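Participant: One structure, as structure tokens, below. Some questions next.
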Amino acid sequence: MTTDELPQKLERGDEFVLVDALAPMVYAHSHLPGAINLPPNAVEATRCGKRMPGLDTEIVVYCANADCDDSTETAQRLEELGYTNVRHYAGGKDEWRQRGLPLERAGKPYVLEH
């Protein structure tokens, strides 16, 4: 998944689950619009079943950047639970922010102070 593809999916209102795999405190500070927080150690069948009811649900997982392993670990754990449509946004929050794309905090737009 690229930084060009993901904003288009969000803008079109495509049905998918956007997963921030970073630690809860990092997620709480800011995250991509509409993302839920699911770090690798929180991936379990009961929790995922409520948020992602179908095993064919499209899921896009990201973390900080291409050097961050949290998103690949979360994606791998989701696949081990049987999810078949897991995609990875490798650029993560760093690339998203560098492109000037919007972030959220507590469900509201978050603007970085310069």
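Participant: Determine which member of the set Glu79, Glu95 is open to solvent by less than 70 Å² (accessible area, probe 1.4 Å) and within 21 Å of Thr2 (Cβ to Cβ).
Facilitator: After applying the criteria, what remains is Glu95.
Participant: If you go through region 68-75 one residue at a time, do you hit one that is at pLDDT below 95 and either open to solvent by less than 30 Å² (accessible area, probe 1.4 Å) or in contact with a strand residue (DSSP E or B) (Cβ under 8 Å, 6 or more places away or on another chain) (or both)?
Facilitator: yes
Participant: Assess whether Thr57 counts as being modelled with pLDDT of 90 or more, over 17 Å from Thr2 (Cα atoms) and assigned to a loop (DSSP other than H, G, I, E, B).
Facilitator: In short, yes.
Participant: Can you spot a residue in region 62-70 that is out of contact with any Asp or Glu (no Cβ under 8 Å at 6 or more places or on another chain), within 21 Å of Glu15 (Cα to Cα) and not aromatic (Phe, Trp, Tyr)?
Facilitator: Looking through region 62-70, none of the residues is out of contact with any Asp or Glu (no Cβ under 8 Å at 6 or more places or on another chain), within 21 Å of Glu15 (Cα to Cα) and not aromatic (Phe, Trp, Tyr).
Participant: Identify all residues within region 24-56 that are among the hydroxyl-bearing types (Ser, Thr, Tyr) and open to solvent by 30 Å² or more (accessible area, probe 1.4 Å); write none if there are none.
Facilitator: Tyr27, Thr46
Participant: Can you give me the number of residues within region 10-22 that are crowded, with 16+ Cβ neighbours inside 10 Å and out of contact with any Lys or Arg (no Cβ under 7 Å at 6 or more places or on another chain)?
Facilitator: 6
Participant: Enumerate the pairs (first residue in region 85-103 and assigned to a loop (DSSP other than H, G, I, E, B); second residue anywhere and of a type in the set (Asp, Glu)) with beta-carbon separation below 7 Å, excluding pairs fewer than 6 apart on the same chain, so at least 6 apart or on different chains.
Facilitator: Listed pairs, sorted by first residue: Asn85/Asp56; Asn85/Glu58.
Participant: If you check every pair at least six apart or on different chains, which have Cβ atoms under 8 Å apart with a residue in region 1-26 that is among the basic types (Lys, Arg) first and a residue that is exposed (fewer than 12 other Cβ atoms within 10 Å of the Cβ) second?
Facilitator: Once the first residue is among the basic types (Lys, Arg) and sits in region 1-26, no partner that is exposed (fewer than 12 other Cβ atoms within 10 Å of the Cβ) comes close enough.
The values are calculated or read from the model by the stated rules, or taken from the named source; none is laboratory data. What you see is a predicted model; the values in this text were computed from it and never measured. Positions of Cβ are generated from backbone atoms using ideal geometry, with glycine treated the same way; all protein chains shown enter the neighbour counts. These area figures cover heavy atoms from the full protein model, side chains too; ligands, DNA and RNA do not enter into them. Shrake-Rupley method; radii C 1.70, N 1.55, O 1.52, S 1.80 Å.
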